[in-house]
Structure formats: structure tokens, C-alpha cells
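Please treat every number below as a calculation from the coordinates, not as lab data. Just so we're clear, the structure is a prediction, and the values are computed from it rather than from any experiment. Every residue, glycine among them, receives a Cβ derived from its backbone with ideal geometry; neighbour counts consider all protein chains shown.
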């Protein structure tokens, strides 16, 4: 039972435009959410996180939005750059516990 | 420079054989984790260890075993009891066990069992 779902396996955007990656979850107990980025032949690296007490967290070009009522979060990348091309994983956790549930990932391609 | 190493990058084994995947970190992290990734699925937790000589089962521990005799090492053994061992395996570590501690991942080992 996948508690975290990324329904778009891939996304292609033009350089300079906005990339929006979506993630849905089913477990209402999740209260901490993270995005990881993975390049080929490398392990995932942490990108940005958000606690359920917030609905937005921003770090440079990256912003994560959380809609608790819809059990939905999204990652916005503005402006998108070719170096952002990677697989992005959404993850969620209950409480202060590093036992995370990951989505299947979305492959982002940013075209020059 | 600090990081997590997993070796080898690719591993091939015959069905019925046990195989051990290596994971070493020099980040002085207390917590370490093993995940498995299959096509179209997210990372799934196999085992995790919060401290030396202690480890807990994750969601899919059946057919796997681990040990944590040293802080820097957390090897994973895929036993012959694991029904579908072919997968991409990722090791990670974090300074602490709480979720606010970022997990650092190794490059992964792709295991193929035929």
C-alpha cells in the first residue's frame, strides 16, 4: 500500500519556466514532508522539507507547498535550469521518526 | 572527504546464494538505513540502526539480515529466503534518528540474481 504517491513519472519543462512536481499522501498522521533529488548513478540528496504546522517553505528557487486538507504537496522550481534535470522523490514521516515513506519519483527534464 | 560508500556498484549472484552488500560511512553518524528501490516504486525501508549493536526491522525485512558492530559500517545480507532479491539497494546515514536529521545516501548497489 503506497502511502505516498507521485502520479507523474515524468515532467518536461523549458529552461526558465516553472517546474511543478506533485505528491499526494493517504496517511493523515504524516506531519513532516521532504523532497529528495537524485542524479543518475548517485544516491538521493535532501532538497527541502516542510513541517505540517506550515503550508509553505521556501529555499532559493525551490518552494514546497503543503495542503493538509487535500493531503497534497508540491515542489515548485522557479526558474528551472538544465541542472535541475533529475528524479525527484517526495517523502513523508510520522512524528520525529526517520522512518520515511517515499513516493516512486518524478523524472524532471529541463530543456535548454 | 566525508561520505557514504557502497560497494560494489553492480553485483551478480546465482539464485540460492547469500550475498552481502557493503555500506561504510565516515560522517560519524549514529543512524544508518537500508532501502530497496524497485521500478515504479519509492524507496522502501529494509532495516535501520540507531546506534551500534542495535537495529530494527523496516517494512520489508523478510529475507534480509544486518549487523552493526561498528559505527561506520552497516552491511546488509540478502539471503536465499528473499523471494525477489533483484533490485537497487541504497544505504543512508543520519546524525540522529529524528526525522529532522537529514539522511545522506550512498550511490547504491544494483543486485541481479539469476
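Beta bridges from DSSP with both residues in the protein assembly as shown: antiparallel share about 90 percent, rounded to the nearest 5.
Rounded to two decimals, the Cα radius of gyration of region B:47-111 over 2.2 N^0.38 Å is 1.14. For chain B, the convex hull spanned by the alpha carbon atoms encloses 97 Å³ per residue. What the pair-distance distribution of region A:1-62 shows, using all Cα-Cα distances binned every 10 Å from zero, is 15, 46, 34, 4 percent.
Taking every alpha-carbon pair under 8 Å whose residues sit at least 6 apart, chain A reaches a relative contact order of 37 percent. Once the convex hull of all Cα atoms in the protein assembly as shown is built, its volume per residue stands at 123 Å³.
Put a dot 7 Å past the Cα of residue B:70, heading toward its Cβ, do the same for residue B:17, and the two dots end up 2.4 nm apart. When you restrict to C-alpha pairs under 8 Å that are six or more residues apart and normalise by the size of region A:68-112, the relative contact order lands at 41 percent. Short-range pairs are left out: with C-alpha atoms under 8 Å and at least six residues apart, the relative contact order of chain B is 35 percent.
Report the paramagnetic label zone for residue B:9: residues of region B:68-98 whose backbone N is under 17 Å from a point 7 Å from Cα along the Cα-to-Cβ axis. The answer is B:88-91, whose backbone nitrogens lie closer than 17 Å to the label point. For region A:38-112, just say rounded, prolate or oblate: build the C-alpha gyration tensor, square-root its eigenvalues into a ≥ b ≥ c, call rounded for a/c under 1.5, and beyond that prolate if a/b exceeds b/c, oblate if not. Oblate, since a/c reaches 1.5 and b/c is not below a/b.
On full extension, the segment bounded by residue B:59 and residue B:38 gains 6.1 nm, given 0.36 nm per residue less the C-alpha separation. Place a label point 7 angstrom from the Cα of residue B:95 along the Cα-to-Cβ direction, then list the residues of region B:21-36 whose backbone nitrogen is under 17 Å away. Output list for this probe position: B:26-32. Here the scattering of region B:10-74 is modelled by Debye summation over its C-alpha atoms, one equal scatterer each and no solvent; at q = 0.22, 0.27 Å⁻¹ the log10 of I(q)/I(0) is -1.02, -1.25. When both bridge partners sit in chain A, DSSP labels roughly 90% of those beta bridges antiparallel. Taking 7 Å steps out from each Cα toward its Cβ at residue A:68 and residue B:27 produces label points 2.9 nm apart.
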